[in-house]
Amino acid sequence: MGFFSKLFGKKQEAAPVVPEKLKIGIILGSTREGRVSPQVGEWLKGIADGRNDAKYEIIDIQDYQLPFVGTTDGSEPGIAKWNEKLASLDGFVFIVQEYNHSISGVLKNAIDTAREAWADKPAGIVSYGSTGGARAAEHLRGILGELSVADVRTHPTLSLFTDFENFSEFKPAELHLENVNAMLTEVNEWAAAFKTLREGAKQPSMV
């Protein structure tokens, strides 16, 4: 043992660095009166929180009072807050309902109100409707691709006929749990990889 080791005792080992948990936003895609998306969002968050693999947060578009794109000068505080919230997240899960074979107008507007904050992040989709919201989800995938959002393959679909009582009270079948967990695993794995990519892009070049 060296002199300084004898003098000061055993060298203290550095405490292990605990990586910060990923932040995943659960985005409610509807603002209409009588909407059921909050029920679906809370159900999803309950499952997600039980995994203890990320920090999950419900993001309600209604809270931001976003104007329609191009109808104002863009100085509304809700626009800045919306972009800041999206920028703080590492990934997303969209709760999507089908309107006339597509997503709601407010969701499309909310997506269009940001751009850079979406890029290089993954997204999962949970949809519902008379056909499980499948057509809305497919439209959403095309939009997300344009914004450099990587949508994961696993896609839980909920039926208005079998997962909702009187089309209003959400009572999901247990069979959805497997797909939901598989989707969340994919989102988290991709979110970790994309976070490394984004952080690497911020590093100054050594050339």
Modelled with pLDDT of 95 or more, of a type in the set (Val, Ile, Thr) and within 30 Å of SER168 (Cβ to Cβ): which single residue out of ILE95, ILE79 fits that description?
ILE95
Which of (1) open to solvent by 70 Å² or more (accessible area, probe 1.4 Å); (2) under 16 Å from GLY29 (Cβ atoms); (3) small (Gly, Ala, Ser) does ALA201 not meet, given it meets every other one?
(2)
Are there any pairs with C-beta distances below 8 angstrom linking a residue in segment 176-188 that is among the charged types (D, E, K, R) to a residue that is open to solvent by 50 Å² or more (accessible area, probe 1.4 Å), with the two at least 6 apart or on different chains, and if so which?
GLU186/ARG153
Run ILE143 past the list (1) more than 21 Å from GLU186 (Cβ to Cβ); (2) touching a Lys or Arg at 6+ places or on another chain (Cβ under 8 Å) and report the number of the one that doesn't hold.
(1)
On the basis of being modelled with pLDDT under 95 and out of contact with any Leu (no Cβ under 6 Å at 6 or more places or on another chain), does GLY50 make the cut?
no
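The values are calculated or read from the model by the stated rules, or taken from the named source; none is laboratory data. All figures in this text were calculated on a predicted structure; none of them were measured in a lab. Neighbour counts run over all protein chains shown; Cβ positions are idealised from the backbone, glycine included. Surface accessibility is based on the protein's heavy atoms, side chains included, excluding ligands, DNA and RNA. Shrake-Rupley method; radii C 1.70, N 1.55, O 1.52, S 1.80 Å.
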